[in-house]
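Below is one structure, written out as structure tokens, with a few remarks after it.
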Amino acid sequence: MNFPKVAKRGKITQEEIMEKDVLQQHFLDRLVHILALRKQYSDAVNSSGVHLFYIAACSTVADCVEAGCLDEARELLGQEIHASTENKHILKFFANKEVPVKHFVTFIFTRTRKELVKVTP
């Protein structure tokens, strides 16, 4: 799945999500929900569960592309990465405006290099 590259940087808030049209709001809320579930159950699921979260996130980001809210989805994913690591090299990589959104999703939903190999199509 290839997602278009976007350049917006900043922080999206729940209020900004509420200002979107109903369909965009639905997909952004769904992405927030998937990210929350991943956090809540990350220690309880096996690699198949991680893969399911990954597939759900990819599908939701694809829906965001179709609904015209990819910039906001990218910001939500970027916020998740910033919350999960302090590694300056990783943060610098994801600050690059040319990094495809798929890399954000893959990074968030894999915990080890072994899982990264399994999940990356």
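What is the Cα centroid distance between the stretch 24-54 and the stretch 62-79, reported in whole angstrom? Here the two parts' Cα centres lie 15 Å apart. A simple spin-label model places pseudo-atoms 7 Å from Cα toward Cβ; at E15 and I55 they are separated by 3.9 nm. Each Lys and Arg Cβ is given +1 and each Asp and Glu Cβ -1; about its Cα centre, the stretch 11-96 then shows a dipole of about 400 debye.
Model label points for F93 and S47, set 7 angstrom from Cα along the Cα-to-Cβ axis, are 2.0 nm apart. Could you list log10 I(q)/I(0) for the stretch 14-119 at q = 0.17 Å⁻¹, which the Debye formula gives when each Cα is one point scatterer? Calculated log10 I(q)/I(0) at the listed q: -0.79.
Look at T106, T85, T60 and count the other Cβ atoms within 10 Å of each Cβ; fewest to most, that gives T85, T106, T60.
Coordinate-derived values only; no laboratory data. Bear in mind that the values here come from a model prediction, so they are computed numbers and not experimental data. In this analysis, Cβ positions are derived from the backbone assuming ideal geometry, glycine residues included, and neighbour counts consider all displayed protein chains.
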